[in-house]
Amino acid sequence: MPDSLPVDSVGVVTPQTYHFETPIELACGQALERYDLVVETYGELNTDRSNAVLICHALSGHHHAAGYHSMDDRKPGWWDTCIGPGKPVDTNRFFVVCLNNLGGCHGSTGPSSTNPATGTPYGPDFPVVTVSDWVKSQALLADRLGIECWAAVVGGSLGGMQALQWSLDYPERLRHSVAIASSPRLTAQNIAFNEVARQAITSDREFHDGRYYDFDTLPRRGLMLARMVGHITYLSDASMGEKFGRELRDQAYKFGYDAEFQVESYLRYQGERFSEVFDANTYLLMTRALDYFDPAYEFGGDLSKALAKASCEFLVLSFSTDWRFTPARSEEMVNAMIAARRKVSYAEIDAPWGHDAFLIPTPRYTDIFTAYMDRVAREVGA
Amino acid sequence: MRADLEIIQQWVKPGHHVLDLGCGDGTLLDFLKRERNASGFGLEINPDHITTCMNRGVSVIEQNLDTQGLDNFEDNSFDIVLMTQALQAVRRPDKVLDEMLRLGAEGIVTFPNFAHWRLRWGLALSGRMPESDSLPYKWYNTPNIRLCTFKDFEALCRQKGIRIKSRRVVDGQHQNNWLARLWPNLLGEIAIYRITRENT
């Protein structure tokens, strides 16, 4: 953290924990008797409670979307580039809510939380939650916060899936759904990458069938590998090329198998760091939630039929070099919205950073996001 | 009010579902939404126009007619398909016309008349490619790659079995002009055609 806060930062923020004592029924048939959701909010809720924006996080995200937790923080929240005073999601106008989803590992109830039935961490006994379950829990949080209708539900990647699911599950409770770098369902290739990640984790000897907490250990190698393979899919060939090329850490080849190329050491470093701070069971759960997401499934694969229920307006954005969720996946969503005669706007933004582009401000991305949210703000009188 | 908007508006019924090909900054769709409670989408490729549309609440899809076509739209999914001042900028205007009438019961097309007397005069006198208010480009950088005259367009419609329900001719400022009505292909700068399939 710099000595002083940037003027366009929401500043130092403190997460809050909301306890829920009423059981929540999940798609898998199980229920959680009680659970916590950890939440951050930025900006002020206006008097007619019309200016609330929900930010949904992606696979490894959490509630800390913007600002700093203390003046000692090196980095701000994960979407600080887009949330703050004068930024696309302008906290001078909107009341912004971001939570750690159920099953997460940043304070909300998840596999590493204590199971009240046993007094030990849930581990593999934590139910597999779905995007719909998350949306349900987010709606319960909205009730708690006194928000009847979101001005917008916004998310990138897996967060965009939640924004889409909101439009189907609670059509009357949001005015706009913003899905960035997202997909209406995973492809076989997407699921395949997730499966490699899961295999890496579950085949780690330290995994202990998900009960590593009881053995006072972590499946570090497995989670590191999972993150490494995931990380590759977040970047583009070009952006990796630009960042690392074939650069070596030392001058010459060593004819061994240690990390000699910069890209190798970068991936190892990212993987190692991630494996210390992220819960492996949560990683399994999040990837499964991704795999299962398919709102068209119960409509014979026809997303436009699923969208018949939706009444909000949509903004869909994709990035030219995103090969994890390609522009074609976004267009699939857009075409279904067109066929269902929903109001939708779409743009494909030229950016070299692959899937990660949704986290990186580029002029056109910022312009579009700002223009759209400005209109949302005007519409709700914010 | 711009005369072309006024004319087009008359042909759009309340609640019509419209598609605007090359919708620009969304002026027309915004106008039809307010005046006719019309719904629908605009297609556009200019980034600044797309941003403006989004800011004014016009549903806009980034889609390039030349490279992406209109395959993603279903047959008869619109009441009216509009194309104002864009026909001359697509690679295959003939195919776009077919697509317009596949998607909509009716099409409205406007384009600049390359047989307007000033353009004819300019070419005849100077021997250089003409420029005008509605065609303000050099030959090498113009987006208008398929210029035609009113007569050309009408011949194409005849050949394709497209029926012209009405034609209105205006000047470069989209104003009505009685002379242009008298000798359209010579004195009209912009024509607004309302077209439909022959058998409807």
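The values are calculated or read from the model by the stated rules, or taken from the named source; none is laboratory data. Given the structure is predicted, the values throughout are model-derived calculations rather than measurements. Counting neighbours? That spans all protein chains shown, and the Cβs are built from the backbone with ideal geometry, glycine included. Note: areas computed on protein heavy atoms with side chains; ligands, DNA, RNA excluded. Shrake-Rupley method; radii C 1.70, N 1.55, O 1.52, S 1.80 Å.
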Taking only the alpha carbons of segment A:135-193, what extent do you get along each of the three principal axes, in Å, biggest first?
-> 41, 19, 16
Cα gyration tensor shape for segment A:315-382, rounded if a/c is under 1.5, else prolate or oblate | oblate
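Over chain B, with the other protein chains present, what is the accessible area per residue in square angstrom, probe 1.4 angstrom?
On a per-residue basis, 48 Å².
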Among B:Tyr137, B:Gly42, B:Cys148, pick out the residue whose Cα is farthest towards the positive end of the charge dipole of chain B, where Lys and Arg carry +1 and Asp and Glu carry -1 on C-beta, about the Cα centre.
-> B:Cys148
Members of A:Lys87/A:Lys243; B:Lys95/B:Lys151; B:Lys138/B:Lys160; A:Lys343/B:Lys165 lying beyond 21 Å, as alpha-carbon distances in this model show | A:Lys87/A:Lys243; B:Lys138/B:Lys160; A:Lys343/B:Lys165
Hey, could you get me the Stokes-Einstein D for segment B:92-194, Kirkwood radius over alpha-carbon pairs, 37 °C and 0.692 mPa s, rounded to whole µm² s⁻¹?
-> 227
Can you run the Rg to Rh ratio on chain B? Use alpha carbon positions and the Kirkwood inverse-distance Rh.
-> 0.95
If you average over every viewing direction, what projected area does the convex hull of the Cα atoms of segment A:21-63 give, in nm²?
-> 4.8
Counting residues in chain A as N, plug N into 2.2 N^0.38 Å and put the Cα Rg over that result.
-> 0.97
Per DSSP H run of at least 4 residues, take -39500 (n - 2.57); add these up for chain B, divide by its residues and hand me the 222 nm value, nearest 500 deg cm²/dmol.
-> -10000 deg cm²/dmol
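Ignoring ligands, DNA and RNA, what percent of the 1.4 Å accessible area of the protein assembly as shown is carbon and sulfur?
So the carbon and sulfur contribution to the accessible surface is 50 percent.
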Counting alpha carbon pairs within less than 8 Å and at least 6 residues apart, what relative contact order, in whole percent, applies to chain A?
-> 18
Roughly how big is the protein assembly as shown's charge dipole about its Cα centre, with Cβ charges of +1 (Lys, Arg) and -1 (Asp, Glu), in debye to the nearest 20?
-> 2280
Of all the C-alpha pairs in segment A:176-311, what % are more than 26 Å from each other?
-> 41
Report Rg(Cα)/(2.2 N^0.38 Å) for segment A:76-219, keeping two decimals.
-> 1.22
Inter-site label distance for A:Cys28 and A:Lys309 at 7 Å from Cα along Cβ, in nm | 2.2
Taking a probe of 1.4 angstrom, what is the accessible area of B:Glu62 in Å², to the nearest 10?
-> 40
Equivalent-ellipsoid semi-axes (√(5λ), Cα gyration tensor) for segment A:136-248, whole Å, largest first?
-> 34, 23, 13
For segment A:224-382, how big is the tail of P(r) above 26 Å, as a whole percent of Cα pairs?
-> 47
Aspartates and glutamates within cross-link reach of A:Lys136: Cα-Cα under 12 Å, excluding same-chain residues under 8 positions apart?
-> A:Glu25, A:Asp169
Which value, in square angstrom to the nearest 100, describes the accessible area buried between chains B and A on both sides, using a 1.4 angstrom probe?
-> 1700
Between Rg and the Kirkwood Rh of segment A:12-144, both from Cα atoms, what is the Rg to Rh ratio?
-> 0.99
So what is the accessible area of chain A per residue, in Å², with the probe set to 1.4 Å?
-> 42
